[in-house]
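Scroll down for the structure; my scribbles are underneath it.
The values are calculated or read from the model by the stated rules, or taken from the named source; none is laboratory data. Being a predicted model, the structure only gives us computed values, none of them experimental. Cβ placement follows ideal geometry from the backbone for every residue including glycine, while neighbour counts extend to all protein chains displayed. Protein only, heavy atoms only, side chains kept; ligands, DNA and RNA dropped before computing areas. Shrake-Rupley method; radii C 1.70, N 1.55, O 1.52, S 1.80 Å.
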Amino acid sequence: QRYSTIREIVCSEGLRTPSKYHVLARIIGYGPKELEDFCRPKRKKDGTEAFAYSVVVRIEDSTGVLDAQLVDPVASDLFGVTPRDLRRDKEAKDKVASRRDELLGYYDDYEEGKDKDKAQWLELCVFSFFPNEGGGSWANYRLFDTTWKKEEEEEESR
């Protein structure tokens, strides 16, 4: 299957049609900045409280950048942790931080002057949609059907 470029995705925004794209890109930024805010409480229909990922990632290829929503189930797969209160669960917060750093190419052994361009290139599926049917709205983007197998996990599965 052919990859779309980020430039193609952004240029197709004018068509105002929800679309799905297969992209080879890397994650170069994220929000919110505080890890504790990656998972937010939400009220379920039965009145109980649960948590859900609410993250925006900035992805990049050689043609441009794009901000996309990162929600479940993709967020749980990329971070290796199901949504929970990251303010109270230090072990989960540490795992999310570690996976985030690996995706961004940050490593504990980073030294000044060494190549820091180690962000993981990922095959991403991007869904473009228009939340306001009344027009005048820009497209929103969300990652879907995206998984990340770390090299160690691939070796273990052999």
(Q) Restricting to region 137-158, and then to whatever is at pLDDT 75 or above and farther than 17 Å from LEU24 by Cβ, can you tell me which residue is most open to solvent (accessible area, probe 1.4 Å)? (A) TRP138
Q. Among the residues of region 4-26 satisfying the criterion of being under 29 Å from VAL96 (Cβ atoms) and touching an Asp or Glu at 6+ places or on another chain (Cβ under 8 Å), which is modelled with the lowest pLDDT?
A. ARG26
**Q.** Residue check for GLU36: closer than 29 Å to ARG88 by Cβ and in contact with a Pro (Cβ under 7 Å, 6 or more places away or on another chain)
**A.** no
**Q.** Of all residues making up region 1-37, the number that are in a loop (DSSP other than H, G, I, E, B) and under 22 Å from TRP121 (Cβ atoms)
**A.** 4
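Could you tell me whether TYR53 is surrounded by 14 or more Cβ atoms within 10 Å (Cβ to Cβ) and more than 17 Å from CYS125 (Cβ to Cβ)? Show your work before the answer.
Numbers: surrounded by 14 or more Cβ atoms within 10 Å (Cβ to Cβ): yes; more than 17 Å from CYS125 (Cβ to Cβ): no.
No: the conditions fail for TYR53.
Open to solvent by less than 50 Å² (accessible area, probe 1.4 Å) and either β-branched (Val, Ile, Thr) or modelled with pLDDT of 80 or more (or both) - does that describe any residue in region 112-119? Before you say what the answer is, go through the steps one by one.
The first filter runs over region 112-119 and keeps only residues open to solvent by less than 50 Å² (accessible area, probe 1.4 Å), leaving 119.
With either β-branched (Val, Ile, Thr) or modelled with pLDDT of 80 or more (or both) added as a condition, the list becomes none.
There is no residue in region 112-119 that is open to solvent by less than 50 Å² (accessible area, probe 1.4 Å) and either β-branched (Val, Ile, Thr) or modelled with pLDDT of 80 or more (or both).
Scanning region 120-136 for residues that are of a type in the set (S, T, N, Q) and part of a loop (DSSP other than H, G, I, E, B), which turns out modelled with the highest pLDDT? Steps first, please.
If we filter region 120-136 for residues that are of a type in the set (S, T, N, Q), which is where we start, we get 120, 128, 132.
Applying the additional criterion that residues be part of a loop (DSSP other than H, G, I, E, B) yields 120, 132.
Details: GLN120: 80, ASN132: 68.
Going through the qualifying residues, I end up with GLN120.
Looking only at region 57-101, count how many residues are assigned to a strand (DSSP E or B) and open to solvent by less than 60 Å² (accessible area, probe 1.4 Å). Break it down into steps so the answer makes sense when it comes.
Taking region 57-101 first, the residues assigned to a strand (DSSP E or B) are 57-61, 64-70.
With the extra rule that they be open to solvent by less than 60 Å² (accessible area, probe 1.4 Å), the set shrinks to 57, 59-61, 64, 66, 68-70.
Final tally of qualifying residues: 9.
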